[in-house]
Amino acid sequence: MRMVEIYSCCNIARHGDKVYIVRRFVAYAFGDNNGVALRCVVCGAEYGPDFRLFRCPRCGGLLDVVVRGKYWAPKGSGIWRYATMLPMKTGVTMGEGRTPLVESRLKGNLWVKFEGANPTGSFKDRGMALGVTVAREAGAGKVVVASTGNTAASAAAYAARAGLKAYVVLPRGHVARGKLVQAALHGAEILAVEGYFDRALSLVVDYGTKYAYPLNSFNPWRLEGQKTLAYEVYEELGCPDNIVVPVGNAGNIYAIWKGFRELGELGLCAKLPRMVGVQAAGAAPLARAWREGLQNPLFLDSPNTVASAIRIGKPVNWVKAFIAVRESGGMFVEVDDTEILRAQLALARADGIGAEPAGAASIAGALALDLPGVTVAVVTGHALKDPDVVEVKTVPVASQEELISALSR
Ligand code: F0G
């Protein structure tokens with residue numbers, strides 16, 4: 001029998017030298033999805049559904065949201081189409097999700113789930129719809145994220161829609177232009193810090209959470225929104241054999257796996273897909289640990305890749321990502337920058353899909369591997385996010401004759 005501890009009566013919890021404030025459980029808007037709880041993915045301890053508890057007070061492990069009363073009854077649009085599978089019934093939305101699932105011309109049995117078609121151009125919108133709803137329910141007036149760019153863009157937009165203020169903590173000089181423009185446009189306060197994303201994230205964990213509600217992927221509620229990608233793939237294609245996902249901070253691969261696992265629990269998927277996590281070679285602590293059979297990854301101090309969205313040396317969700325890959329019989333692989341940029345071009349020219357480099361990492365992985373059966377590669381972000389990586393050639397035309405000569409070549 002598993003031991004269950006409910007900490008909803010406490011208001012302070014300690015783990016090591018860190019003190020966590022655990023708010024008394026309040027009856028938030030869980031609708032008739034009765035039985036929402038948090039469970040530690042490491043020790044299995046259970047807690048009430050506290051919106052401000054992000055680590056297990058007992059062992060420090062990552063937490064997962066458990067929805068006990070769930071059932072399959074998709075209706076409507078946005079992530080709330082799957083309200084009966086989610087911990088909350090309704091919330092903030094901009095019609096996120098319902099992204100195109102396109103059969104690729106690059107390889108047989110390859111499908112592309114184009115998350116660049118979300119409202120702010122990345123998969124983060126699925127998570128932010130739920131995350132910002134939770135922030136509002138928790139009574140927060142402000143949200144905060146560390147980001148390589150897309151989380152910032154999405155948090156800024158969804159916070160604006162919910163009437164909340166957003167702070168985005170970014171690694172100075174390492175964020176693609178399109179994402180910065182979005183954060184600025186939606187009115188976020190942009191705080192640029194020295195160092196890499198990993199430092200920005202640890203600053204948010206140590207200081208940001210005291211002042212604003214954190215919406216990075218260590219927040220398990222946000223990942224509940226991201227699991228809806230699995231439901232959409234299921235509705236259109238059934239249960240594929242492989243799902244290939246770019247991995248940075250490593251939350252999304254777990255969220256998608258969780259979505260499929262739940263479809264399995266409800267008897268909708270007889271066979272669950274293998275989860276394949278793709279990292280960029282210069283930022284691949286999980287792929288290396290996997291290859292070398294290490295129990296714990298060796299983190300990197302100076303990650304480097306053209307795919308700035310996944311330039312991460314210390315993925316906060318690595319334990320969850322390992323669970324996803326192990327449980328599903330999948331793997332982690334790495335692809336180098338040349339393969340990523342080649343895949344970006346190939347996808348753009350064969351399938352008409354514009355991906356930012358991190359988004360194309362899954363395509364690079366799917367093209368490099370010989371995966372049996374039907375594969376869905378998740379293209380996580382839009383090409384316009386990072387315009388500077390694309391070489392633009394123009395032909396100067398000074399006269400009608402030159403135009404005609406160019407057109408007839
Ligand atoms: N692809 C894109 C386009 C991303 O922006 C990210 C993460 C990932 C893949 C990796 O997802 O972290 O769940 O493994 N971007 C975060 C950000 C880190 O700040 O926007 P993950």
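Inside the range 210-227, can you point out the residues that are touching a Gly at 6+ places or on another chain (Cβ under 7 Å), within 14 Å of the ligand (Cβ to nearest atom) and closer than 20 Å to A138 by Cβ?
Hits for the range 210-227 are P214, L215, S217, N219, R222, L223, G225, Q226.
Hey, among the residues in the range 313-330 that are under 15 Å from the mean Cα position of the chain (by Cα) and in a loop (DSSP other than H, G, I, E, B), which one's surrounded by the fewest Cβ atoms within 10 Å (Cβ to Cβ)?
Per the stated criteria, the residue is V316.
What number of residues within the range 300-318 satisfy the criterion of being more than 13 Å from the ligand (Cβ to nearest atom) and either among the charged types (D, E, K, R) or touching a residue at least 24 places away in the same chain (Cβ under 8 Å) (or both)?
First, pick out the residues of the range 300-318 that are more than 13 Å from the ligand (Cβ to nearest atom): 300-302, 304.
Filter once more, keeping what is either among the charged types (D, E, K, R) or touching a residue at least 24 places away in the same chain (Cβ under 8 Å) (or both): 301-302.
The total comes to 2.
Test of understanding: among K179, K165, which residue is within 20 Å of G127 (Cβ to Cβ) and within 13 Å of the ligand (Cβ to nearest atom)? Walk me through how you get there before you give the answer.
On the way: K165 fails: within 13 Å of the ligand (Cβ to nearest atom).
Every option except K179 fails the conditions.
Could you give every pair whose Cβ atoms fall below 6 Å, whose first residue belongs to the range 109-132 and is among the aliphatic types (A, V, I, L, M), and whose second residue is within 11 Å of the ligand (Cβ to nearest atom), counting only separations of at least 6 or pairs across chains?
From the range 109-132, the pairs are V112/V379; M128/S154; M128/A155.
Does the range 299-312 include one or more residues that are acidic (D, E), more than 29 Å from L215 (Cβ to Cβ) and either more than 19 Å from the chain's Cα centre (by Cα) or assigned to a helix (DSSP H, G or I) (or both)?
At the first step, the residues of the range 299-312 found to be acidic (D, E) are 301.
Then drop every residue that is not more than 29 Å from L215 (Cβ to Cβ), which leaves none.
Within the range 299-312 (the criterion being acidic (D, E), more than 29 Å from L215 (Cβ to Cβ) and either more than 19 Å from the chain's Cα centre (by Cα) or assigned to a helix (DSSP H, G or I) (or both)), the answer is no, since none of the residues qualifies.
Mind checking which residues of the range 228-257 are within 12 Å of the ligand (Cβ to nearest atom), in contact with a helix residue (DSSP H, G or I) (Cβ under 7 Å, 6 or more places away or on another chain) and not β-branched (V, I, T)? Talk me through it step by step, then tell me what you get.
Residues of the range 228-257 that are within 12 Å of the ligand (Cβ to nearest atom), as a first pass: 229, 244-257.
Narrowing the set further to residues that are in contact with a helix residue (DSSP H, G or I) (Cβ under 7 Å, 6 or more places away or on another chain) leaves 229, 244-248, 250-257.
If the condition is that a residue be within 12 Å of the ligand (Cβ to nearest atom), in contact with a helix residue (DSSP H, G or I) (Cβ under 7 Å, 6 or more places away or on another chain) and not β-branched (V, I, T), then L229, P246, G248, A250, G251, N252, Y254, A255, W257 are the ones that fit.
Of G277, G248, which residue is small (G, A, S), farther than 20 Å from P100 by Cβ and in a loop (DSSP other than H, G, I, E, B)? I'd like the intermediate steps shown before the answer.
Values: G277 fails: in a loop (DSSP other than H, G, I, E, B).
Only one candidate qualifies: G248.
Please work out if A289 is in a helix (DSSP H, G or I) and buried (at least 24 other Cβ atoms within 10 Å of the Cβ). Even if it seems obvious, please write down each step before you answer.
Details: in a helix (DSSP H, G or I): yes; buried (at least 24 other Cβ atoms within 10 Å of the Cβ): no.
In short, no.
Go through the range 354-409 and count every residue that is assigned to a loop (DSSP other than H, G, I, E, B) and within 16 Å of the ligand (Cβ to nearest atom). Working first, answer last.
In the first step, residues of the range 354-409 are kept if they are assigned to a loop (DSSP other than H, G, I, E, B); the result is 354, 356, 369-374, 380, 386, 390-399, 408-409.
Filter once more, keeping what is within 16 Å of the ligand (Cβ to nearest atom): 354, 356, 380, 386, 390.
The number of residues fulfilling the criteria is 5.
Among what's in the range 132-154 and is hydroxyl-bearing (S, T, Y) and over 14 Å from R311 (Cβ atoms), pick the residue that is surrounded by the most Cβ atoms within 10 Å (Cβ to Cβ).
Per the stated criteria, the residue is S154.
Just to be sure, is A135 within 21 Å of N249 (Cβ to Cβ), in contact with a Ser or Thr (Cβ under 9 Å, 6 or more places away or on another chain) and either of a type outside the set (V, I, T) or not in a loop (DSSP other than H, G, I, E, B) (or both)?
Values: within 21 Å of N249 (Cβ to Cβ): yes; in contact with a Ser or Thr (Cβ under 9 Å, 6 or more places away or on another chain): no; either of a type outside the set (V, I, T) or not in a loop (DSSP other than H, G, I, E, B) (or both): yes.
So A135 does not fit the description; no.
Quick note: the coordinates plus some simple rules give every number you see, no bench work behind them. Just so it is clear, the structure is predicted and the values come from calculations on it, not from any experiment. Note that each Cβ is placed from the backbone with ideal geometry, even for glycine, and that neighbours are counted across all protein chains shown.
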